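Below: the structure, in structure tokens.
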Amino acid sequence: MSSASITTTAGPLDVQSIVSQLMSVEQQPLTDSQNKVATYKTDLSDMGQISSALSALQTSVSSLSSGAFLQTYKASSSDSTIAAVSTSSGGIAGTYQLNVSKLAQARQLVFDQNSSGQPITSASTALSGVPASLTFSVAGTSTTVNLNNGGSGGESLQNISDAINAANAGVNASIVQYNGNYSLVIASANSGSANAFSVTSGGSDSGNTSGNTLAGLQQSSTAASESFAASDALLTVNGVNVSSSSNILTGVISGASVTLEKAGQVSIGMTQDTSGIASSLQGFVDAYNKVHSTVNSAFTGDMKGDDSLLSIQDQLSGVLQTPEAGVNAATSYAYLSQIGISLQKDGTLALDQTAFNKALTSNPSAVANLFGNSSSTGFADRFNSAINNLLGPTGIVVTKQNDLNQSITDETSHQTEIQTNLDALRASYLQQYTTLNATLAQMQQSTSNLAGLLA
């Protein structure tokens, strides 16, 4: 008989209450199983946090292994209105005296008259004498710019400007309005003499700033004075002559980008950025301590005494306590503790920046070798290898996660079996106590009837 067909008829017994109390006892195995799953899920969450902390530590040590972080420099300019400076990567400490005599400049031609030599009073009115096309030559490459209407229909100043810009010919066009008159400005997209443009068709090009025509346009004396010839930046760096087609110099001072603003003398200083280096080191220390605290929290919590956590701690501390291979600690740096990164009593790392700066100044190559080298025996190299093993497909972390997931799956299946048995047992209890209740009800009725007859 299914539980759905069972009814609890009126009688002296509270069948539902009795069955409920009986089932609360029978329910205990299911509750125990549910508690196990909750614990497994907590452990799985703990392992996920440990995995994330290890990944963060690996990212940190990866940035240290090349030693590039030790080549962090900061730059300063004595006068940023003459030359501004920013750092890239690498560099050489020193002071660089710049004497800027000339800035790089793009060729620019200004046209402010029509073919009749009259001012242009509208940017949208068709001009006469406009050819069918223009040809610009830039750095050995020629580009033909087709004009929509050619000489027959006439082109406006705006049409010419739009066509030049759409052609990507290595030149840019713009229209300037002043006192009701319009000028067409043509300029090389890039500065420097090598990027100067020339007009080889659709006008005449004197190669200078005046005496030029373009698409039925001419230059007044004002336009000629507003035009520029292409030129390279000229300067000396510590007395060495330097020329550049750009005002942004990236290969003159190692590790720095210098932007020239105007002519003049300026001093550029490159010094080692100890604060930047300290930030990288502190990032590594913090990442290691995060792994330590995360593992320790799990070890003292639901995963108390877990062997996998002990193994993670042992492997990481083992890297710290193993000296650099082939290095004599008496004459060079073989341990991180010798350069100010030491293991504390509580298992965490601490950075002594003063001690590190002293070590770096004393023997920079030994410090760099301690983090990473061609033999991959540096501390950063070995941390990276250890973490790869921990997080790999057969590593401790993934293996533990797989075991926990399997335990959750198995226990969930077990709960389904327990629930099926509980449902059957509840139905059986309901049937038994309902039948008993009905029997007792009949006995009560018979007793009552007998009492009535006796009375």
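The values are calculated or read from the model by the stated rules, or taken from the named source; none is laboratory data. Computed from a predicted structure; not experimentally measured. FYI the Cβ positions are ideal-geometry reconstructions off the backbone, even for glycines, and counts take in every protein chain you see.
Somewhere in the range 441-449, is a residue within 31 Å of the chain's Cα centre (by Cα), assigned by TED's automatic domain parsing to the domain that holds GLU324 and more than 30 Å from PRO29 (Cβ to Cβ)? Checked the range 441-449: no residue is within 31 Å of the chain's Cα centre (by Cα), assigned by TED's automatic domain parsing to the domain that holds GLU324 and more than 30 Å from PRO29 (Cβ to Cβ).
When the range 173-189 is filtered for residues that are in contact with a Gly (Cβ under 8 Å, 6 or more places away or on another chain) and either surrounded by 18 or more Cβ atoms within 10 Å (Cβ to Cβ) or hydroxyl-bearing (Ser, Thr, Tyr) (or both), only SER188 remains.
Out of (1) assigned to a loop (DSSP other than H, G, I, E, B); (2) in contact with a Phe, Trp or Tyr (Cβ under 6 Å, 6 or more places away or on another chain), the odd one out for SER60 is which? Among (1) assigned to a loop (DSSP other than H, G, I, E, B); (2) in contact with a Phe, Trp or Tyr (Cβ under 6 Å, 6 or more places away or on another chain), SER60 violates only (1). Please determine, by comparing only the residues of the range 196-211 that are of a type outside the set (D, E, K, R) and closer than 13 Å to VAL171 by Cβ, which one is surrounded by the most Cβ atoms within 10 Å (Cβ to Cβ). This residue is PHE197. Scanning the range 24-42 for residues that are among the hydrophobic types (A, V, I, L, M, F, W, C) and surrounded by fewer than 15 Cβ atoms within 10 Å (Cβ to Cβ) gives VAL25, ALA38.
Considering SER45, SER17, which residue is assigned to a helix (DSSP H, G or I) and either over 40 Å from the mean Cα position of the chain (by Cα) or crowded, with 17+ Cβ neighbours inside 10 Å (or both)? Sole residue among the options that is assigned to a helix (DSSP H, G or I) and either over 40 Å from the mean Cα position of the chain (by Cα) or crowded, with 17+ Cβ neighbours inside 10 Å (or both): SER17. Here the strands (runs of 3 or more DSSP E) wholly within the range 238-343 that include at least 2 residues being out of contact with any Phe, Trp or Tyr (no Cβ under 9 Å at 6 or more places or on another chain) and closer than 30 Å to SER101 by Cα are 240-244, 256-260, 264-272. Hey, can you tell me all the residues within the range 224-237 that are surrounded by 16 or more Cβ atoms within 10 Å (Cβ to Cβ) and assigned to a loop (DSSP other than H, G, I, E, B)? Once the filter is applied, which keeps residues that are surrounded by 16 or more Cβ atoms within 10 Å (Cβ to Cβ) and assigned to a loop (DSSP other than H, G, I, E, B), the range 224-237 yields SER227, ALA230, ASP232.
For beta carbons closer than 6 Å, sequence separation of 6+ or different chains, a first residue in the range 49-62 that is under 18 Å from GLY301 (Cβ atoms) and assigned by TED's automatic domain parsing to the domain that holds LEU316 and a second that is of a type outside the set (A, V, I, L, M) and surrounded by 15 or more Cβ atoms within 10 Å (Cβ to Cβ), the qualifying pairs are GLN49/THR294; ILE50/THR294; ALA53/LYS290; ALA53/THR294.
With respect to being in a helix (DSSP H, G or I) and modelled with pLDDT of 95 or more, ASN165 fits the description. Criterion applied to SER374, SER413 was being among the hydroxyl-bearing types (Ser, Thr, Tyr), at pLDDT below 90, assigned by TED's automatic domain parsing to the domain that holds GLN34 and not in a helix (DSSP H, G or I), and the one residue passing it is SER374.
All of ILE268, ILE277 fail the test of being of a type outside the set (Ser, Thr, Tyr), at pLDDT below 90 and surrounded by 15 or more Cβ atoms within 10 Å (Cβ to Cβ), apart from ILE277. The residues of the range 69-83 that are of a type outside the set (D, E, K, R) and surrounded by 12 or more Cβ atoms within 10 Å (Cβ to Cβ), listed by number, are PHE69, LEU70, GLN71, THR72, TYR73, ALA75, SER76, SER77, SER78, SER80, ILE82, ALA83. The residues of the range 84-122 that are surrounded by 17 or more Cβ atoms within 10 Å (Cβ to Cβ), in a loop (DSSP other than H, G, I, E, B) and within 52 Å of the chain's Cα centre (by Cα), listed by number, are GLY91, LEU103, ALA104, ALA106, ARG107, ASP112. Of all residue pairs spaced 6 or more apart or on separate chains, those with beta-carbon atoms under 8 Å, a first member in the range 19-36 that is over 24 Å from THR434 (Cα atoms) and a second member that is among the small types (Gly, Ala, Ser) are LYS36/SER407. Consider the range 193-212 and keep the residues that are touching a residue at least 60 places away in the same chain (Cβ under 8 Å) and not in a loop (DSSP other than H, G, I, E, B). The one that is nearest to ILE120 (Cα to Cα) is GLY203.
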